[in-house]
Amino acid sequence: SGKLYQHGAAETSQATLASVSPVFAVMKFDKEGNTTYFEKKKTELYQELGLQARDLRFQHVMSIATRNNRIIMRMEYLKAVITPEFLLILDYRNLSLEHWLLNELASQLAGEGQLVTYSLPFEFRAIEALLQYWISKLQERLNTLQPQIIETLEALVDPKLLSVDRSKLHVLLQNGKSLSELETDLKVFKETILKILDEEELIEELCVSKWTDPQVFEESTSGIDHAEEMELLLENYYRQAEDLANEARELRVLIDDSESIIFINLDSHRNVMMRLNLQLTMGTFSVSLFGLIGVAFGMNLESSLEEDPRIFWLVTGIMFLGSGLIWRRLLSFLGRHLEPPLPPHVPAVLKKSQPARVEIKNNLKAETFGLSRTLSN
């Protein structure tokens, strides 16, 4: 009875697990671009594809792997399985993918798009379409961030501003975080493709039609090197990702340079206020020093001087004149010690040997460099 109970409990647990197993919403594309939709449990799907359960355990990390002549691509929310005959997009709902899947991907796979791999086996078209989509998404994110960051920096780097707008600093902080996320995604994209490019066996495994279709295998042995074509395809998108990473890096450098200029502006205005405060303090000291004469005459002590009507104007003139002279002397002393030192003399030979400056493409860069040069002088 105990064995029967354990067996019944095991069947019940298996039935329960089977009933709650995840269900994938699948969109299937064939070689002609025909589209079908269906829902299937994860257990049934990986059994039909000849995969393991862990192969369909998708995470929000980009990866490209092969198993049992199946290519498994993970690009955060985009999950795909590629075979020599069809392409499966899993969990496509509520991910803003349906417009691209219906209007662009199907036509690209059918040869109506601009894919350069249309004459190659089906997996080449599928891989290129997915990589092209992901690169376009990264490009859109960069195109959205770039004008916002430049506009914010132009408002912050203005030397006429005595203070920094906190709202624009908040916008710059948010855009900086988005730029960091974009740089991370580009880095992961490049590392994923570079990992495949460094392993010749991985490139061979991506050419799944070569091992399943005898005609494709004969073509590959007769002069058409599919592995080389796959390598060129991956290198192309690696180069595009590298270009985007360079643009994002330049934008990051621009933010760092602009932050330095903002701090220079604030320090400059702070120095002006400190110098004004010091000048007023010197003036107060000068007036107070010669004001002691007036204090002496205001002590109600009798002397023969108060009887002369010209003494008042004489003492008052001495006080104002002495205060002005002392203040002027203090200001000249302050100017001598606060003046920046002269730049060192550069020989004419060194000036001729210096390379010509590269023209700055971005107007904001020119303004920031010009402003820093003005402040340093």
Search result, residues across region 45-55 that are assigned to a helix (DSSP H, G or I) and either open to solvent by less than 60 Å² (accessible area, probe 1.4 Å) or closer than 17 Å to A126 by Cβ (or both) = L45, Y46, L49, A53, D55
note = Of E242, E228, the only residue that is under 30 Å from F124 (Cα atoms), free of Cβ contacts under 8 Å to residues at least 60 places away in the same chain, open to solvent by less than 70 Å² (accessible area, probe 1.4 Å) and not β-branched (V, I, T) is E242
Tally, over region 75-87, of residues that are surrounded by fewer than 19 Cβ atoms within 10 Å (Cβ to Cβ), at pLDDT 85 or above and not acidic (D, E) = 1
ask   = Just a yes or no: is a residue in region 61-69 of a type in the set (V, I, T) and within 13 Å of K28 (Cβ to Cβ)?
value = no
request  = Kindly indicate whether any position in region 56-74 is among the charged types (D, E, K, R), under 25 Å from L197 (Cβ atoms), open to solvent by 60 Å² or more (accessible area, probe 1.4 Å) and modelled with pLDDT of 75 or more.
outcome  = yes
key: Where I255 falls short, out of the listed (1) without any contact (Cβ under 8 Å) to a residue 12 or more places away in the chain; (2) surrounded by 11 or more Cβ atoms within 10 Å (Cβ to Cβ)   = (1)
ask   = Of (1) surrounded by 14 or more Cβ atoms within 10 Å (Cβ to Cβ); (2) modelled with pLDDT under 85; (3) not polar (S, T, N, Q), E123 satisfies all except one. Which?
value = (2)
Flag for R357 being open to solvent by 100 Å² or more (accessible area, probe 1.4 Å), assigned to a helix (DSSP H, G or I), within 30 Å of I149 (Cα to Cα) and at pLDDT below 75 = no
remark   = Within region 1-55, residues hydrophobic (A, V, I, L, M, F, W, C) and modelled with pLDDT under 70 come out as L4, A9, A10, A15, L17, A18, V20
key: Search result, residues across region 45-77 that are among the small types (G, A, S) and touching a residue at least 60 places away in the same chain (Cβ under 8 Å)   = S63
ask   = Does any residue of region 208-224 turn out to be surrounded by fewer than 15 Cβ atoms within 10 Å (Cβ to Cβ), assigned to a helix (DSSP H, G or I), modelled with pLDDT of 85 or more and not hydroxyl-bearing (S, T, Y)?
value = no
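Condition check ((1) of a type in the set (K, R); (2) touching a helix residue (DSSP H, G or I) at 6+ places or on another chain (Cβ under 7 Å); (3) modelled with pLDDT under 90) across all residues:
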site: Q108; (1), (2), (3): no, yes, yes
site: Q114; (1), (2), (3): no, no, yes
site: Q132; (1), (2), (3): no, no, no
site: S136; (1), (2), (3): no, no, no
site: E140; (1), (2), (3): no, no, no
site: T144; (1), (2), (3): no, no, no
site: I150; (1), (2), (3): no, yes, yes
site: H170; (1), (2), (3): no, no, yes
site: N175; (1), (2), (3): no, yes, yes
remark   = Going through region 33-44 in order, the residues found to be part of a helix (DSSP H, G or I) and touching a residue at least 24 places away in the same chain (Cβ under 8 Å) are T43
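The values are calculated or read from the model by the stated rules, or taken from the named source; none is laboratory data. Please read these numbers as outputs of a predicted model, since none were measured by experiment. Quick reminder, even Gly has a Cβ in these numbers, built from the backbone with ideal geometry, and neighbours come from all protein chains shown. SASA here: full protein model, heavy atoms, side chains in, ligands and nucleic acids out. Shrake-Rupley method; radii C 1.70, N 1.55, O 1.52, S 1.80 Å.
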